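Below is one structure; the comments refer to it alone.
The values are calculated or read from the model by the stated rules, or taken from the named source; none is laboratory data. It should be emphasised that the depicted structure is a prediction, and the values quoted were computed from it without experimental measurement. Because the Cβ atoms are built from the backbone with ideal geometry, glycine has one as well, and the counts that use them run over all protein chains shown.
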Ligand code: GLY
């Protein structure tokens with residue numbers, strides 16, 4: 001089942017790629033095909049590929065569904081696993097801090113029913129599971145987003161305990177970055193550490209820039225439950241060492257997440273500032289509403305981002321999507337290059353359905369930035 005579904009999805013995607021020439025015929029054919037087959041549900045699709053946590057995350061979501069929980073319960077419980085795992089350095093507890101060494105977390109949750117209700121928190125400090133606070137914003141207020149001190153106050157009002165989210169490992173990582181920030185600043189590393197104060201654009205700088213560019217691992221997770229309800233959730237520390245107060249795409253409904261039971265859901269990860277500018281998740285869902293498959297819709301929005309940057313986007317993001325029939329897809333602006341074959345491959349995404357939990361490969365439209373391009377970016 002897995003491979004035949006995957007092959008069919010790829011085939012549809014390939015047809016769609018050629019498909020600018022035959023858009024109408026391709027879309028009608030796909031819509032008929034999707035409606036004719038039995039829905040693939042329950043289904044969980046996530047951007048998160050980190051091997052240490054991905055199965056635990058989708059497993060928690062599936063367990064919530066098996067215990068009678070809703071799509072919304074499954075999305076929250078699954079994302080809580082990512083938030084609570086100290087090895088997962090892009091989300092929640094154990095994540096990398098901002099430039100001043102403390103964590104400010106962003107999260108959102110959205111239900112495809114009840115008029116597509118949503119809740120979000122941004123720049124939330126000291127709370128391990130921001131997505132659960134986001135759910136309370138949705139269910140226990142008439143608002144859709146709380147930020148900073150207000151979000152923390154609200155979390156405490158609902159009994160969330162404050163804790164220091166910075167692990168020793170994350171603190172070491174941050175301090176090393178701070179000590180190497182700028183040859184004209186006032187920080188020094190230990191005398192016995194070679195390269196403690198390198199000039200900018202060292203291999204270490206490049207490694208950090210590449211990580212910033214390639215970090216596609218904050219979590220966006222989409223659930224289609226057995227009743228046909230759809231929900232999604234996101235959570236992130238944002239960019240590591242970001243400016244204090246910076247808010248990314250994850251808590252912005254329509255950017256990092258969008259869900260509509262009538263169509264499907266989409267979520268994003270990667271360079272949040274560009275994801276916001278492209279209203280990426282909303283756009284994917286609207287393209288599915290027009291008749292594109294999840295794969296086609298993700299590719300359309302990535303292509304649009306590339307076009308808007310004259311074919312040379314200096315960023316990366318990855319989109320995942322599922323529709324109400326249980327078809328799904330993934331595309332990133334930039335993919336990977338296979339070390340052995342030098343072929344362009346897509347970024348991974350993780351899928352869990354009746355056929356089991358597995359890593360699949362999305363489509364990547366452009367190769368990664370070269371070291372020279374990275375070094376030329378206006379990043380310090
Ligand atoms: N996509 C996560 C962020 O940019 O905050």
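Name every residue in region 253-276 that is crowded, with 24+ Cβ neighbours inside 10 Å and within 13 Å of the ligand (Cβ to nearest atom), in order of residue number. If the condition is that a residue be crowded, with 24+ Cβ neighbours inside 10 Å and within 13 Å of the ligand (Cβ to nearest atom), then 255, 256, 257, 267, 268, 269, 270, 271, 272, 275 are the ones that fit.
Is it the case, given these coordinates, that residue 248 is within 13 Å of the ligand (Cβ to nearest atom), buried (at least 23 other Cβ atoms within 10 Å of the Cβ), at positive phi and modelled with pLDDT of 75 or more? For residue 248, the condition - within 13 Å of the ligand (Cβ to nearest atom), buried (at least 23 other Cβ atoms within 10 Å of the Cβ), at positive phi and modelled with pLDDT of 75 or more - is not met. The residue pairs whose first member lies in region 247-275 and is free of Cβ contacts under 8 Å to residues at least 60 places away in the same chain and more than 18 Å from residue 313 (Cβ to Cβ), whose second member is assigned to a strand (DSSP E or B) and away from the ligand (no atom under 14 Å from the Cβ), and whose beta carbons are closer than 7 Å, counting only pairs six or more residues apart or on different chains, are 266/258; 266/321. Summed over region 287-320, the residues that are in contact (Cβ under 8 Å) with a residue 12 or more places away in the chain and either part of a helix (DSSP H, G or I) or more than 16 Å from the ligand (Cβ to nearest atom) (or both) give a count of 21. Scanning region 111-127 for residues that are surrounded by fewer than 20 Cβ atoms within 10 Å (Cβ to Cβ) and touching a helix residue (DSSP H, G or I) at 6+ places or on another chain (Cβ under 7 Å) turns up 117, 125, 126. Of all residues in region 103-124, none satisfies the criterion of being farther than 22 Å from residue 276 by Cα and within 16 Å of the ligand (Cβ to nearest atom). The residue that is farthest from residue 305 (Cα to Cα), among those in region 228-245 that are touching a strand residue (DSSP E or B) at 6+ places or on another chain (Cβ under 9 Å) and more than 9 Å from the ligand (Cβ to nearest atom), is 229. Scanning region 137-170 for residues that are in contact with a helix residue (DSSP H, G or I) (Cβ under 9 Å, 6 or more places away or on another chain), surrounded by fewer than 19 Cβ atoms within 10 Å (Cβ to Cβ) and within 10 Å of residue 121 (Cα to Cα) yields a single hit, 144.
Okay, residues lined up against (1) more than 30 Å from residue 179 (Cβ to Cβ); (2) crowded, with 24+ Cβ neighbours inside 10 Å:
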| site | (1), (2) |
| --- | --- |
| 59 | yes, no |
| 76 | yes, yes |
| 91 | no, yes |
| 102 | no, no |
| 109 | yes, yes |
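Per-residue answers, yes or no, for (1) closer than 24 Å to residue 257 by Cα; (2) at pLDDT below 95:
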position	(1), (2)
115	yes, yes
119	yes, no
127	yes, no
133	yes, no
139	yes, no
146	yes, no
157	no, no
165	no, no
182	no, yes
